[in-house]
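A.B. asks: This is the structure I want to talk about, given as structure tokens.
The values are calculated or read from the model by the stated rules, or taken from the named source; none is laboratory data. Here the structure is a predicted model, which is why all the values come from computation and not from measurement. Positions of Cβ are backbone-derived with ideal geometry, glycine not excepted, and every protein chain shown enters the neighbour counts. We work out accessible area using only protein heavy atoms, side chains counted, and drop any ligands, DNA or RNA first. Shrake-Rupley method; radii C 1.70, N 1.55, O 1.52, S 1.80 Å.
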Protein chains: 2
Amino acid sequence: MSDQAKFQAAQKTIVRNEQFIRMADELKPELFNEEVEPTQLVRVEADETAMHGWRAVRDAEIDALENRELGKGQSAIADFGDHRVGYVSFEVRPVGSPPDAPLKLRLTFGEMPVEMAVPFASYKGWISSSWLQEETLYVDVLPGKVILPRRYSFRYMKIEVLDTSPKYRVSFFNLKCATVTSAYRANVIPLDHADPLLSDIDRVSVKTLEDCMQDVFEDGPKRDRRLWLGDLRLQALANYATFRNDVLVKRCLYLFAGVPDERGRVSANLFIAPELIADDTYLFDYSLFFTVTLYDYYEATGDAVTLKDLWPIARRQVELALERLDDRGVVRDEETWWSFIDWHESLNKQAPSHAVLIYALRRASRLAEAVGCASEGEFERRLTDAERAAMEALWDADQGFFVSGEERQVSWAAQIWMALAEVLPREENKALMKRLLTQRPEISPTTPYMYHHLAEALLAVGLKDEAVEFIKSYWGGMLKNGADTFWELYDPGNPDFSPYGSPLINSYCHAWSCTPTYLIRHYRL
Amino acid sequence: MSDQAKFQAAQKTIVRNEQFIRMADELKPELFNEEVEPTQLVRVEADETAMHGWRAVRDAEIDALENRELGKGQSAIADFGDHRVGYVSFEVRPVGSPPDAPLKLRLTFGEMPVEMAVPFASYKGWISSSWLQEETLYVDVLPGKVILPRRYSFRYMKIEVLDTSPKYRVSFFNLKCATVTSAYRANVIPLDHADPLLSDIDRVSVKTLEDCMQDVFEDGPKRDRRLWLGDLRLQALANYATFRNDVLVKRCLYLFAGVPDERGRVSANLFIAPELIADDTYLFDYSLFFTVTLYDYYEATGDAVTLKDLWPIARRQVELALERLDDRGVVRDEETWWSFIDWHESLNKQAPSHAVLIYALRRASRLAEAVGCASEGEFERRLTDAERAAMEALWDADQGFFVSGEERQVSWAAQIWMALAEVLPREENKALMKRLLTQRPEISPTTPYMYHHLAEALLAVGLKDEAVEFIKSYWGGMLKNGADTFWELYDPGNPDFSPYGSPLINSYCHAWSCTPTYLIRHYRL
């Protein structure tokens, strides 16, 4: 993952399905607004024991902001009390002589204290610095109201006065955030759980999902603010257990179905504005998740009309995946970034991707049955073949693990996905997961996305206690480290980990981390 | 002038005249728009022989801009062909993969090549850096149209791509400036002058005035964008000879008359938005220029209604100035920044300020006569007294110069203003100016504002050839150095001079430099 070449896929021809796109447009959600104010002023202090080495500590009550007269070089940090996604406005009034020069401000928005402490100019990571939430702006007319046109994802907002003039200072009033979400909070059934930690984890999961639910299911409201299939699948599951904005799932499915390539393959992610565009990133596992997400949607809603509409696209993803099988009937490996699975530098994707294919085939077969499609039988046969190929080519009986790639890598990801794909008989599947927890191979999960699959695999094989323990330690670990929403990335052993080169650019409210509410509620943990 | 303490005047109580303010509001001018496009792309090159050491040289035709694909760290400079004041817009389109991160741009607007070459971050001068015309902005949705809300004053616009993402670059289209001015160009009678240099100087003077004529007569559209009495007086004179937007002069007079302090004194400058505020800067000479500007307005228009309305305020400025006379009948000197006269670190203001008082008294007396005010006789007597005091206390017969302050400073400013005040008999006045040109005292003019008064003093005493020669060398010098409009500051011997600490912050389209068109046309040079 050391360079971006992995993203440079060949140009694809997109075959637009205008009927699907129109359908998706008609399902555009209402956005709910709430006006929230900051709760206190804080300062950030270096603290080795805190996440990223920075802690936000109370500086003053929020009312103190109005009384502060900030001159050149002075600043204040407002704490909005919780994670917020929305539009910020404030009033600014001059103090002293009439303002004889424009006011120059820098505003910095951060989800975490580190974003308030470390200058963004120090960021040298490989993805765009334009994700860092910072504005430099001028106020020509004072007193004035500043209504920022961009949406921010943040808890902390730093206001720095870069310049006024020697004749005046400024004070800030009516600092507000008009939050936006397409999640309707009243729909969530309160969770009355005996374990307060699980209650907390559920609450923060729901908040994470809420803040990612916008015009579409975004992966993260700070970054990338985009509809990715891998995230959508998990958000949809969490949504069925909470907000029940099933129409938003439907909309997203139609969006993906609206812009397949000339072979019928759906993209890994979509751009929505100014017009719907399929990204030129195609991932083996993500394309299959279209089928899986449709399966979950149908399970949750019984919406046979949508199933019938989208079935040809769902079927096509599986057919295309099957074309990738080699002589042994195993998904062909490749040096490029062909399948996602997890952010891990050394992870071989073959075995886990083959498992994703099996997982999807099983569901495709059931959908084929539901729509009465002739491919049901074919998919059943291919499922059996794929399972047999997995056992013949990827199962290492001596080690008791599935191996992946030419170098026969034993990874957590391969075992987790094979367990979810139910390749082994029930008891052997459980034994596999137990062995995994005991032997702990070196190539381990790096993201909440992979950790979700670990937790769900434990539940799938019946290791409920282990799953609960793990959820409490992993997502609970984020809570201990100050999470208001769950993060894109959290490696307990390496809290500064970022696949992008700096924790400044990580997203700290990320869809793929919102799943504990689904796990807790769906599996009645 | 080394620190800003000079600006810190005591708080004044303002006595608002709502009738005058309403009158001024009703006279708000129509703004004329013109859409202009850049003419070429340029680059800036170091050149010791060029103004500030930088020269703009042609890089490519403007059509090349659309074909340039700019990635992170790349830039282009558009040349709008002439000085422009207005609102800029452009379209930006992505090239490559769909934009997977916001576009981060820095836009820099400059009246002079130096502003394109020297980073604004290097500015360390004492007035606010917020005058430097720069924007850092994000474009979240691409392709997109960017309509910048602020007005800029510029010829050159640098577009820097601070970041995109590794997946895309951008191209720029339809770059435009919608210019604004309250000057109606068709009103200007073309000047058909035999001397092409004077024709050029007239043309650039008119352009300078045009770009400063907005909602009010601004001192400079880049900086301070404000209505100053000293500038207004000269702009009004240039306006009578060109655009004849006499109503705008009237509006500005009513604005000043609308917010005098509790003693009836008018401020040196006004803030117009969001509401009319008198700045807390009061200058001896500038307050008197209210009376002088009303005199000039009445001379130009014969508008007796306005004269009658505003006469009490005009009279009051003179009365207040007379209160400053000492036992000898001479204007009292002071260590503070009590009178403007010129930007010169060592200039003593006493003698030139006394001359301004005489100059204003002479005109106040004529206005008193015009309105049939009893103070006419009183003003006549005070004029005679002030002239006698000047001769007794300030005239040094041995040197043949007026002296100023305790240290009996001989400055150009004192002689120039005494000549304009016509204190000496006609021939002696002429001899004074000749002596000035020969002996060239050390304390010389530093601004076009003071140079204007030098030129007009030469004309007033009948030294027409010398005046023309001087206009051609001084304003012609700016033209040789690449002026599109005349500058706030130009010292031929020290082209980098700035009273603010850096030529970056100087205004290169400045009202007080627009007077050659008045001198050329009014005096038929």
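A.B. asks: From the list A:Glu369, A:Glu406, A:Glu422, pick out the single residue that is at pLDDT 95 or above, touching a helix residue (DSSP H, G or I) at 6+ places or on another chain (Cβ under 6 Å) and either surrounded by 18 or more Cβ atoms within 10 Å (Cβ to Cβ) or acidic (Asp, Glu) (or both).
C.D. replies: Being at pLDDT 95 or above, touching a helix residue (DSSP H, G or I) at 6+ places or on another chain (Cβ under 6 Å) and either surrounded by 18 or more Cβ atoms within 10 Å (Cβ to Cβ) or acidic (Asp, Glu) (or both) holds for just one of A:Glu369, A:Glu406, A:Glu422, which is A:Glu369.
A.B. asks: Checking B:Gly125 against (1) under 24 Å from B:Tyr168 (Cα atoms); (2) in contact with a helix residue (DSSP H, G or I) (Cβ under 9 Å, 6 or more places away or on another chain); (3) within 13 Å of chain A (Cβ to nearest Cβ); (4) open to solvent by less than 30 Å² (accessible area, probe 1.4 Å), which test does it fail?
C.D. replies: So B:Gly125 meets the others, but not (1).
A.B. asks: From A:Ala178, A:Ala101, A:Ala183, A:Ala194, which residue is facing chain B (nearest Cβ under 9 Å) and aliphatic (A, V, I, L, M)?
C.D. replies: A:Ala101
A.B. asks: Please tell me if A:Asp100 is modelled with pLDDT under 95 and either surrounded by 16 or more Cβ atoms within 10 Å (Cβ to Cβ) or under 32 Å from the mean Cα position of the chain (by Cα) (or both).
C.D. replies: Yes.
A.B. asks: What pairs can you find where one residue is in the stretch B:74-100 and of a type in the set (Ser, Thr, Tyr), the other is open to solvent by 20 Å² or more (accessible area, probe 1.4 Å) and at pLDDT 95 or above, and their Cβ atoms are less than 7 Å apart, with a gap of 6+ or different chains?
C.D. replies: Pairs found: B:Ser75/B:Lys158; B:Ser75/B:Glu160; B:Tyr87/B:Arg151; B:Tyr87/B:Ala178; B:Ser89/B:Lys145; B:Ser89/B:Ile147; B:Ser89/B:Lys176.
A.B. asks: Looking at B:Ala483, is it out of contact with any Phe, Trp or Tyr (no Cβ under 8 Å at 6 or more places or on another chain), surrounded by 18 or more Cβ atoms within 10 Å (Cβ to Cβ), farther than 15 Å from B:Thr517 by Cα and not aromatic (Phe, Trp, Tyr)?
C.D. replies: For B:Ala483, the condition - out of contact with any Phe, Trp or Tyr (no Cβ under 8 Å at 6 or more places or on another chain), surrounded by 18 or more Cβ atoms within 10 Å (Cβ to Cβ), farther than 15 Å from B:Thr517 by Cα and not aromatic (Phe, Trp, Tyr) - is not met.
A.B. asks: Same structure again: Given (1) on the phi > 0 side of the Ramachandran plot; (2) free of Cβ contacts under 8 Å to residues at least 12 places away in the same chain, where does A:Arg408 come up short, assuming only one miss?
C.D. replies: All conditions pass for A:Arg408, except number (2).
A.B. asks: Sort out which residues of the stretch B:129-169 are at the interface with another protein chain (Cβ under 10 Å from one of its Cβ atoms), within 22 Å of the chain's Cα centre (by Cα) and open to solvent by less than 20 Å² (accessible area, probe 1.4 Å), and write them in order of number.
C.D. replies: Scanning the stretch B:129-169 gives B:Ser130, B:Trp131, B:Leu132, B:Gln133.
A.B. asks: Contact list please: Cβ distance under 6 Å, first residue in the stretch B:391-402 and touching a residue at least 24 places away in the same chain (Cβ under 8 Å), second residue open to solvent by 20 Å² or more (accessible area, probe 1.4 Å), pairs at least six apart or on different chains.
C.D. replies: B:Ala393/B:Arg328; B:Gly400/B:Arg435; B:Phe401/B:Val410; B:Phe402/B:Trp395
A.B. asks: Here's another thing I want to ask about it. Only one of these conditions is not met by B:Ser89: (1) among the polar types (S, T, N, Q); (2) assigned to a strand (DSSP E or B); (3) within 9 Å of chain A (Cβ to nearest Cβ). Which number is it?
C.D. replies: Looking at each condition in turn, B:Ser89 falls short on (3).
A.B. asks: Would you check if A:Ala194 is among the small types (Gly, Ala, Ser) and open to solvent by 40 Å² or more (accessible area, probe 1.4 Å)?
C.D. replies: Spelling it out, A:Ala194 is indeed among the small types (Gly, Ala, Ser) and open to solvent by 40 Å² or more (accessible area, probe 1.4 Å).
A.B. asks: Can you tell me which residues in the stretch A:104-122 are open to solvent by less than 10 Å² (accessible area, probe 1.4 Å) and within 11 Å of chain B (Cβ to nearest Cβ)?
C.D. replies: Residue satisfying the conditions is A:Leu105 alone.
A.B. asks: For the stretch B:186-232: of the residues being without any contact (Cβ under 8 Å) to a residue 60 or more places away in the chain and in a helix (DSSP H, G or I), which is nearest to B:Thr291 (Cα to Cα)?
C.D. replies: Among them, the one singled out is B:Glu210.
A.B. asks: Does B:Asp246 satisfy being within 14 Å of chain A (Cβ to nearest Cβ), out of contact with any strand residue (DSSP E or B) (no Cβ under 8 Å at 6 or more places or on another chain), closer than 24 Å to B:Leu307 by Cα and acidic (Asp, Glu)?
C.D. replies: No; evaluated as a whole, the condition is false for this residue.
A.B. asks: Scan the stretch B:207-228 for residues that are away from chain A (no Cβ under 14 Å), under 15 Å from B:His83 (Cβ atoms) and open to solvent by less than 20 Å² (accessible area, probe 1.4 Å) and jot them down.
C.D. replies: B:Thr208, B:Leu209, B:Glu210, B:Asp211, B:Cys212, B:Met213
A.B. asks: Next up: Going through the stretch B:252-277 one residue at a time, which ones are of a type in the set (A, V, I, L, M, F, W, C) and open to solvent by less than 10 Å² (accessible area, probe 1.4 Å)?
C.D. replies: B:Cys252, B:Leu253, B:Leu255, B:Phe256, B:Ala257, B:Val259, B:Val266, B:Ala268, B:Leu270
A.B. asks: Note down all Cβ pairs under 7 Å where the first residue falls in the stretch A:257-279 and is more than 10 Å from chain B (Cβ to nearest Cβ), the second is part of a helix (DSSP H, G or I) and aromatic (Phe, Trp, Tyr), and they're at least six residues apart or on different chains.
C.D. replies: So the pair list comes out as A:Ala257/A:Phe20; A:Gly258/A:Phe20; A:Val266/A:Phe256; A:Val266/A:Phe290; A:Ala268/A:Tyr286.
A.B. asks: Can you tell me which residue in the stretch B:280-305 is farthest from the other protein chains (Cβ to nearest Cβ), limited to those that are surrounded by fewer than 21 Cβ atoms within 10 Å (Cβ to Cβ), over 28 Å from B:Trp337 (Cα atoms) and in contact (Cβ under 8 Å) with a residue 24 or more places away in the chain?
C.D. replies: For the stretch B:280-305, the residue satisfying everything is B:Ala304.
A.B. asks: Only residues that are within 23 Å of A:Gly96 (Cβ to Cβ) and among the aliphatic types (A, V, I, L, M): list them for the stretch B:227-279, please.
C.D. replies: Result: B:Leu227, B:Leu229, B:Leu255, B:Val259, B:Val266, B:Ala268, B:Leu270, B:Ile272, B:Ala273, B:Leu276, B:Ile277, B:Ala278.
A.B. asks: Could you tell me whether A:Ala397 is modelled with pLDDT of 95 or more and open to solvent by less than 20 Å² (accessible area, probe 1.4 Å)?
C.D. replies: So A:Ala397 does not fit the description; no.
A.B. asks: I'd like to verify a number: residues in the stretch B:116-165 that are of a type outside the set (Phe, Trp, Tyr) and out of contact with any Phe, Trp or Tyr (no Cβ under 7 Å at 6 or more places or on another chain), how many?
C.D. replies: Total meeting the criteria: 26.
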